[in-house]
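Structure first, then comments.
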Amino acid sequence: IKFGLNCQDIMIDGHSGIIIVPPRMGLVNTSIVSARAIDLFEPKIICMSGICAGIEGKANIYDIVIPSQCDQHDAGKWSSEGFVPESYSIPLIHDTEVAINRIVKEKSFIDEISCDVLLQGSEMIDDSSSLDVKIYTATTSSGSSVIADETMLDHVTAQHRKKTAFEMESYAL
């Protein structure tokens with residue numbers, strides 16, 4: 001623990017870094033922890049890992065989705081006519097997206113990520129023990145709550161036709 005943050009120092013190819021685990025999931029916790037970390041450590045780059053919900057037909061289980069653009073799907077106004085979304089998107093910096101796309105297209109990169117992963121019976125898809133990993137950039141969105149209702153999912157996916165996945169933190173990062 002450093003400065004009240006749950007931290008772990010790391011070294012990758014001679015570059016030092018810090019892994020920080022936020023105390024809770026969600027946009028507010030992520031924005032507070034990210035702002036604090038940026039202020040304290042002045043990083044050159046900041047990123048996160050986590051779990052997202054892929055939209056059926058656009059993302060599959062085990063896909064690694066990197067937001068090329070992210071919005072907050074629960075921002076807007078509740079009126080007598082229902083929820084009216086007010087979407088503000090945050091794009092990934094173009095040069096960063098180009099660099100990411102170049103790296104993830106290298107077969108050796110995907111092989112390195114998935115080489116030591118062993119799936120358990122309940123984690124296998126279609127009775128296959130092999131891990132089919134795809135890594136790509138795509139449009140995503142974040143919100144403050146888990147979406148477990150088909151009607152709410154339809155509202156979120158209708159906000160942007162290319163939306164591929166949604167989760168609870170990226171917009172705040």
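The values are calculated or read from the model by the stated rules, or taken from the named source; none is laboratory data. What you are looking at is a predicted structure, and each value in this text was computed from that prediction instead of being measured. Backbone-built Cβ (ideal geometry, glycine too); neighbour counts: all protein chains shown.
Among the residues that make up the range 142-156, is at least one of them outside the structural domain of Ile32 (by TED's automatic domain parsing), farther than 20 Å from Gly26 by Cβ, modelled with pLDDT under 85 and part of a helix (DSSP H, G or I)?
Looking only at the range 142-156, we keep the residues that are outside the structural domain of Ile32 (by TED's automatic domain parsing), and these are 142-156.
Cutting the leftovers down to farther than 20 Å from Gly26 by Cβ gives us 150-151, 154.
Checking which are modelled with pLDDT under 85 leaves us with 154.
Still in the running and part of a helix (DSSP H, G or I): 154.
Yes, some residue in the range 142-156 is outside the structural domain of Ile32 (by TED's automatic domain parsing), farther than 20 Å from Gly26 by Cβ, modelled with pLDDT under 85 and part of a helix (DSSP H, G or I).
Just name the residue that is modelled with the lowest pLDDT out of those in the range 110-141 that are in a helix (DSSP H, G or I) and either acidic (Asp, Glu) or surrounded by 13 or more Cβ atoms within 10 Å (Cβ to Cβ) (or both). Spell out how you get there, then give the answer.
Within the range 110-141, the subset in a helix (DSSP H, G or I) is 110-114, 121-123.
Adding the requirement that they be either acidic (Asp, Glu) or surrounded by 13 or more Cβ atoms within 10 Å (Cβ to Cβ) (or both) leaves 110-114, 123.
Numbers: Ile110: 84, Asp111: 83, Glu112: 85, Ile113: 82, Ser114: 79, Glu123: 61.
Among those that are in a helix (DSSP H, G or I) and either acidic (Asp, Glu) or surrounded by 13 or more Cβ atoms within 10 Å (Cβ to Cβ) (or both), it is Glu123.
Please pick out the residue among Ile46, Ile18, Ile38, Ile55 that is without any contact (Cβ under 8 Å) to a residue 12 or more places away in the chain and hydrophobic (A, V, I, L, M, F, W, C). Quick ask: steps written out before the conclusion?
Details: Ile46 fails: without any contact (Cβ under 8 Å) to a residue 12 or more places away in the chain; Ile18 fails: without any contact (Cβ under 8 Å) to a residue 12 or more places away in the chain; Ile55 fails: without any contact (Cβ under 8 Å) to a residue 12 or more places away in the chain.
That would be Ile38, the only listed residue that is without any contact (Cβ under 8 Å) to a residue 12 or more places away in the chain and hydrophobic (A, V, I, L, M, F, W, C).
Sort out for me the strands (runs of 3 or more DSSP E) sitting completely within the range 1-87 that have 1 or more residues that are over 24 Å from Ile100 (Cβ atoms), in contact with a Phe, Trp or Tyr (Cβ under 7 Å, 6 or more places away or on another chain) and not polar (S, T, N, Q). Break it down into steps so the answer makes sense when it comes.
Working: elements: 6-12, 15-21, 64-72, 76-79, 82-85.
Per the criteria, 76-79.
Which of the residues that make up the range 1-42 are of a type in the set (Lys, Arg) and farther than 25 Å from Gln72 by Cα?
We begin by selecting, within the range 1-42, every residue of a type in the set (Lys, Arg); these are 2, 24, 36.
Across the range 1-42, the qualifying residue is only Lys2.
Quick one: is Asp71 of a type in the set (Asp, Glu), assigned by TED's automatic domain parsing to the domain that holds Lys162 and out of contact with any Ser or Thr (no Cβ under 7 Å at 6 or more places or on another chain)? Give the steps one after another, and end with the answer.
Working: of a type in the set (Asp, Glu): yes; assigned by TED's automatic domain parsing to the domain that holds Lys162: yes; out of contact with any Ser or Thr (no Cβ under 7 Å at 6 or more places or on another chain): no.
Here the answer is no, as Asp71 does not meet what is asked.
Counting only residues that are farther than 26 Å from Gln8 by Cβ and aliphatic (A, V, I, L, M), which one in the range 34-78 is farthest from the chain's Cα centre (by Cα)?
The residue in question is Ala75.
Which members of the range 62-88 meet the condition of being polar (S, T, N, Q) and touching a residue at least 40 places away in the same chain (Cβ under 8 Å)?
Our first condition is that a residue be polar (S, T, N, Q); within the range 62-88, this holds for 68-69, 72, 79-80, 87.
Hits for the range 62-88 are Ser68, Gln69, Gln72, Ser87.
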